[in-house]
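The values are calculated or read from the model by the stated rules, or taken from the named source; none is laboratory data. In this text the structure is predicted, and so the values were computed from the model without any measurement. Ideal geometry is used to build each Cβ from the backbone, glycine not excepted, and the neighbour counts take in all protein chains shown.
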Amino acid sequence: MKPHTLSVLVENKPGVLSRVTGLFSRRGFNIESLAVGVCEEPGMSRITIVCIGDDAQIEQVMKQLNKLIDVIKVSDLTENDRVERELALIKVNAEPGSSRAEVMQLASIFRAQIIDVGSRSVVLSVAGDTKKIDALEKLLRQYGVKELVRTGTIAILRGSKTVRSTK
Amino acid sequence: MKTGAKILIEGLQREGVKTIFGYPGGVVLPIYDELYHSSLQHILVRHEQAAAHAADGFARASGRVGVCLATSGPGACNLVTGIATAYMDSVPIVALTGQVPTSLLGNDAFQESDITGITMPITKHNYLVKRTEDVGRIVREAFFIARTGRPGPVLIDLPKDVSTREIDFEYPETAAVSLRGYQPTFRGHPRQIEKAMELLLEAERPLLYVGGGVITSEAAGELCQFAESLMIPVTTTLMGLGAIPCDHPLNLGMLGMHGTRYANYAVTESDLLIAIGVRFDDRVTGKLDTFASQAKIIHIDIDPAEIGKNKRVDVPIVGDAKSVLQEMLARVRKKKDYEKWMARIRGWKEKYPLRYPKDGSLRPQFVIEELSALLKGEGIIVSEVGQNQMWTAQYYCFRHPRTWITSGGLGTMGYGFPAAMGAHFARPDQVIFDIAGDGSFQMNIQELGTVSHYRIPVKVAILNNRFLGMVRQWQELFYDRRYSFTELPPVDFVKIANAYGIDGIKVEDPGEVRSALKSAIETDGPFVLDFRIEREENVFPMVPAGAAINEMIGGQCE
């Protein structure tokens, strides 16, 4: 049982996301994270799904996804050299003075950006893999995280290899 | 200029549809108005569920796509059981539903239901048509998707304004459909086929385990040829009955929960299982770990997701059963002698035949045997679900594919009667029987109205035990005979049939069975037979739930 990152190329049509997520829930597969957006090919979207399962379960997930008419291609990136990123927006307490300075220092170490400054809080934007964001969040907790928004993971292969519709 | 409704009807006719089963309502009025002028035959059912089952029965009997039509909301929702039944058994149907106008979608409008949302898990694909311009393309795609690859139901939801609006539209002459996300694999991989043939030469105790996929791909001929050319015994699933004639020396009948002892013993001792068009369903395998545990497995199926789903497979072959069997036949070079294995199987066949008590009381198995003898295994036999279904599967001698129509995967009571109506429109030349229980028959008994209306010659043989028999059997065996809500009060089915203008006979004596069946067959039009059978007769042999399939109870020699 380990997390698998699946890249799913789909028709950009109404209902396609609910077809994909409905399949996961009714067949008892768990989604750890999910991200959807348009991609380089017109009329298509790419869904990145992180799910946990043994090899047989993941094989079944991929086969079932492939059966959906609106799914064009399913690739498991897990065994490949890849880059993964997610984005988090974190609103953290930062009273003017020492705590604000410390928060800003942490932001700089994690290469997070301060995208909003309020009188008693700041909003940080940080991109990275899951572990990096987890680490920053943990460090910020002592100042008081007021709100945390995270995207699902997105992933891309390193080098010139691609996940495209052409087989 | 054409309305969406006209484009729809024209599309159906272009797909070769002659008959549709439906029920009108508010938002399908434009479609019904178009039907009024059309040469399409429309059969008005008495409940939308029956329209879906009739389309399904039509599809199973003919191999063509069946079509049903219902209005929005309750009409569409009533199709759901029928669509799910078709989905579980991979039956190609196109279900057409009306929908509230696009301007009201999502407003909880009168008779609005999200039928594409509701049927997403039970259709191969579905469409909510938003523009009249898309109707023509979607009709073609829907039929293409329904009948190709692993067939299945496709639903098209048509909002009223989409049906009403007029546009300039002509169907293109070339009917090619191209979907970039849908390219089913048809031909098996040659290297995998080669590997399968090698395993056959290594095997001592091979067994063909054959299911509905062989019927669907019209591969029964190839299957028998393959089995005969290598002398390999064949067991079929419930859905595969008819793929090989019942009395063929290589046929072991049905396997699984109510299969023959010899089929289940053969699976257990086999060292090579060649599974074709099957899905290792729990009713077949019993306890999975012990199912064919001595065997290497070759699995041929058009749906890659079925391969390795329940059971680890040694040689997976994704492809159409007919095409793969043809390839395998072409590669039969050396033959191996499996005579020792066949002799062992013949021994089991002699020792453990299907049997039931013959004590002068009216037994359901006898009714089926008599019908089988009368029709010589010809005709189309449809069943309901439960004991009636299992007795028919065990005792009717099927000789041809598409002559046995039953709800296998979903196990839908009430399926048989409307499916039999549909089968008639596919094969009007055939005698059609619905083998029913008194429970199942009462689930769609309103269709007596339809068969009477159109004089559809469906013969209903009710194996009437005034119980929900299969549930009662489980209560008897596993719940200490606590018959919780399984006893039904007596019903005079002949009187009910008469009220619809249909003839019927009540039969209580085994001596009257044959003449009653004859009267039903010889009567033009529908007929109802009410067989008052032994009330607590069981279906044996039986594998208790969760047991290994060679651990069967009942039906053995005394």
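Tabulated values for the structure
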read-out: Residue, surrounded by the fewest Cβ atoms within 10 Å (Cβ to Cβ), within the range B:107-165, restricted to residues that are among the polar types (S, T, N, Q) and in a loop (DSSP other than H, G, I, E, B); value: B:Asn107
read-out: Selected residue [assigned by TED's automatic domain parsing to the domain that holds A:Gly22 and either in a loop (DSSP other than H, G, I, E, B) or surrounded by fewer than 19 Cβ atoms within 10 Å (Cβ to Cβ) (or both)] from A:Ser165, A:Ser75, A:Ser125, A:Ser119; value: A:Ser75
read-out: Residues (exposed (fewer than 13 other Cβ atoms within 10 Å of the Cβ) and in a loop (DSSP other than H, G, I, E, B)) located in the range A:79-116; value: A:Glu79, A:Asp81, A:Pro96, A:Gly97, A:Arg111
read-out: Failed condition for A:Asp134, given (1) surrounded by fewer than 19 Cβ atoms within 10 Å (Cβ to Cβ); (2) farther than 26 Å from A:Thr21 by Cα; (3) not aliphatic (A, V, I, L, M); value: (2)
read-out: Cβ pairs under 6 Å, 6+ apart, first in the range A:54-70 and at the interface with chain B (Cβ under 7 Å from one of its Cβ atoms), second at pLDDT 95 or above and not in a helix (DSSP H, G or I); value: A:Ile69/B:His125; A:Ile69/B:Tyr182; A:Asp70/A:Val10; A:Asp70/A:Glu11
read-out: Residue under evaluation A:Glu41, criteria (1) in contact (Cβ under 8 Å) with a residue 60 or more places away in the chain; (2) surrounded by fewer than 17 Cβ atoms within 10 Å (Cβ to Cβ); (3) more than 12 Å from chain B (Cβ to nearest Cβ), criterion not met; value: (3)
read-out: When residues of the range B:506-526 are limited to those that are surrounded by 18 or more Cβ atoms within 10 Å (Cβ to Cβ) and out of contact with any Phe, Trp or Tyr (no Cβ under 7 Å at 6 or more places or on another chain), the one nearest to B:Gln446 (Cα to Cα); value: B:Pro526
read-out: Matching residues, the range B:179-203, being among the polar types (S, T, N, Q) and either modelled with pLDDT under 95 or in contact with an Asp or Glu (Cβ under 6 Å, 6 or more places away or on another chain) (or both); value: B:Gln183, B:Thr185
read-out: Set B:Lys336, B:Lys322: member being assigned to a loop (DSSP other than H, G, I, E, B), within 24 Å of B:Leu223 (Cβ to Cβ) and either away from every other protein chain (no Cβ under 14 Å) or at pLDDT 95 or above (or both); value: B:Lys336
read-out: Criterion (polar (S, T, N, Q), crowded, with 23+ Cβ neighbours inside 10 Å and under 20 Å from B:Gln394 (Cα atoms)) met by exactly one of B:Thr236, B:Thr216; value: B:Thr236
read-out: Residue within the range B:173-180 that is under 22 Å from the mean Cα position of the chain (by Cα) and either polar (S, T, N, Q) or under 21 Å from B:Ser323 (Cβ atoms) (or both) present; value: no
